[in-house]
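The values are calculated or read from the model by the stated rules, or taken from the named source; none is laboratory data. None of these values were measured; they are calculated from a predicted model. Because the Cβ atoms are built from the backbone with ideal geometry, glycine has one as well, and the counts that use them run over all protein chains shown. SASA here: full protein model, heavy atoms, side chains in, ligands and nucleic acids out. Shrake-Rupley method; radii C 1.70, N 1.55, O 1.52, S 1.80 Å.
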Amino acid sequence: MPTEDRVCFTGEEYARHVREYWRGVAESDGFDCEEIRSPVVLTGLLHYDCQKSGRRHPEPLLVKRYALLGLHRFNILQGTSFDLAALLKFNKTMNLVSSYYITLLAYDPPLQKTFQVRVDERKYRHLDLTVAIARPKKDQNEAAETTKEPFIPHFRCSAVSDGVFQGPLPDWPSNHAMRYNRRFYALEKSEWQATDWISLYLELLILTTDRGMFGIAQTGLPQVQILRVVIETKGENEDPPDKRLNARSAHVYITFKGLAKSPRLVEIGEHVERKAIIRRVIDDSGYLTLLGKFWSGKDTEQRSKTRQSGEKIDKLQSTFHKWERISPDMGDQAHVAKELVATCGSIEWQVDELEKAITVAAKDPSWYGIDEDELEKRRRWTSNARTQVRNVKSGVLAGKVSSGAGHASEVRRELMRMPNSGEASRYDQYGGRDDDGFVQSESDRQMLLIKQQDEELDELSKSVQRIGGVGLTIHDELVAQERIIDELDTEMDSTKNRLEFVQKKVGMVMKKAGAKGQMMMICFLLVLFIILFVLVFLT
């Protein structure tokens, strides 16, 4: 009985084959390795020939802009103006977050060269990528140019920067900062229209954040309209625009419209003005890192709450130190103590709300544009804030150590509204007046809570209305499709009846004619065909 030949590897042979494969790939830095076959199906690079007709390579819009980004990096460093002529081929790793090794043809009249570009993605559905290689390909007679670093198939490293160009992306700056801070430069319309890399950055942000089978990266880019562009650079004295446009470290703030929807956006509609923040960093090693996000005012809501809570904690500690310095004999100490307890309660409530928001964000960090490090920082902040508030509250309730147990007990009674019998009448007379501050604080806090709940309900109502509108649209579409299908069924039945009638008529004619009549009809048609053939082709 014949059996299929099977190739089996031991663990040592498997590791040796994999090492040999990657050693061969490393000789060309991952570019010209189509002839090297991987011994394992799920290991190695995928190869695509962009010049073969009839074969569509994956994510053509994204690959083309990766190639343009590589030429952009080369032009900034070398002062050239190469533009893309054609994609030749590319290799990519077998990851969802991939590295692309692109070979392309570029021209800068009268020059025309073949380039090699490597782009490493760091996050899926985020604009976070690095161009590690962008160079002209050497001719066969020249020595092949390779990088000095050891070959790593995916994501070597990011460009290194400092100051405001490291860490998370900033918030959208205020109009005052853009107008009066000399680090910002607002481009004229003619300037950003003549600068093609600004639209390239925006297209990369749109494509990378909406990937997948039905994403923009597959269906096609919308016609977006750029409205305003502001560039933030490191130096305040870089007055010439070309220096700012070609600065190695820059934040690009783009206002645009024409994007109907995206996974990172809440509002829907092409008329909505949207904002994008994109960071470009080119370090001394020549790496270009691009990091970007869509921005809206809601992105800073959580951070503003954190800042408000931090300011309240600073004010709380200042008031606590003031309370410690007040003499027990002065009547102001009890009033300040009540203010401290009320402030502690307000801050504790805000910290609870922040912890709830962190819990929600932790369920899907990518949706909220946040990573695990940022979540951990916020958890540590809320934990420290809760500890500080607890310490202040405990210190107030315990009273000063130097004042003695009697005064501490008195402070506790005042704070817990438990007057002793000797002071009951005086408490009844003046207690309400002393509690006005606390009651007002509690009332303000409750009103704030109700207002926030109303705002959340309004947002929920708008979301439900949008979902209802989408549902009604789907219902109308289904009804229309059902009507079309019914009409099609009616047409099919009518056509079937007519066809059956014609078949019966033909059968009756054939039956009446008989065999002799059929032969005469065939001969007549044959003679007619010969006559027509002679008239058409021989005359």
Verdict on Glu191 being in a helix (DSSP H, G or I), within 14 Å of Arg65 (Cα to Cα) and of a type in the set (Asp, Glu): no
message: For the range 43-84, give me the residue count where each residue is of a type in the set (A, V, I, L, M, F, W, C), open to solvent by less than 30 Å² (accessible area, probe 1.4 Å) and under 17 Å from Val97 (Cβ atoms).
response: 4
- prompt: Could we say that Pro328 is modelled with pLDDT under 70, touching a Phe, Trp or Tyr at 6+ places or on another chain (Cβ under 7 Å) and of a type outside the set (Ser, Thr, Tyr) here?
  reply: no
query: If a residue has to be open to solvent by 20 Å² or more (accessible area, probe 1.4 Å) and under 16 Å from the mean Cα position of the chain (by Cα) to count, how many in the range 187-207 make the cut?
result: 1
- prompt: Yes or no: Ser285 at pLDDT 80 or above, open to solvent by 40 Å² or more (accessible area, probe 1.4 Å) and part of a loop (DSSP other than H, G, I, E, B)?
  reply: yes
task: Check whether at least one residue in the range 47-56 is within 19 Å of Ala217 (Cβ to Cβ) and in contact (Cβ under 8 Å) with a residue 24 or more places away in the chain, and report yes or no.
output: yes
message: Cβ-Cβ under 9 Å, sequence separation 6+ or interchain: first residue in the range 386-399 and farther than 11 Å from Cys344 by Cα, partner open to solvent by 60 Å² or more (accessible area, probe 1.4 Å) and in a loop (DSSP other than H, G, I, E, B). Which pairs?
response: Leu397/Met416
- request: Can you work out which of the residues in the range 91-112 that are in a strand (DSSP E or B) and open to solvent by 80 Å² or more (accessible area, probe 1.4 Å) is nearest to Asp210 (Cα to Cα)?
  value: Tyr107
- request: Filter the range 273-282 down to residues that are out of contact with any helix residue (DSSP H, G or I) (no Cβ under 7 Å at 6 or more places or on another chain) and crowded, with 16+ Cβ neighbours inside 10 Å, then give me how many there are.
  value: 4
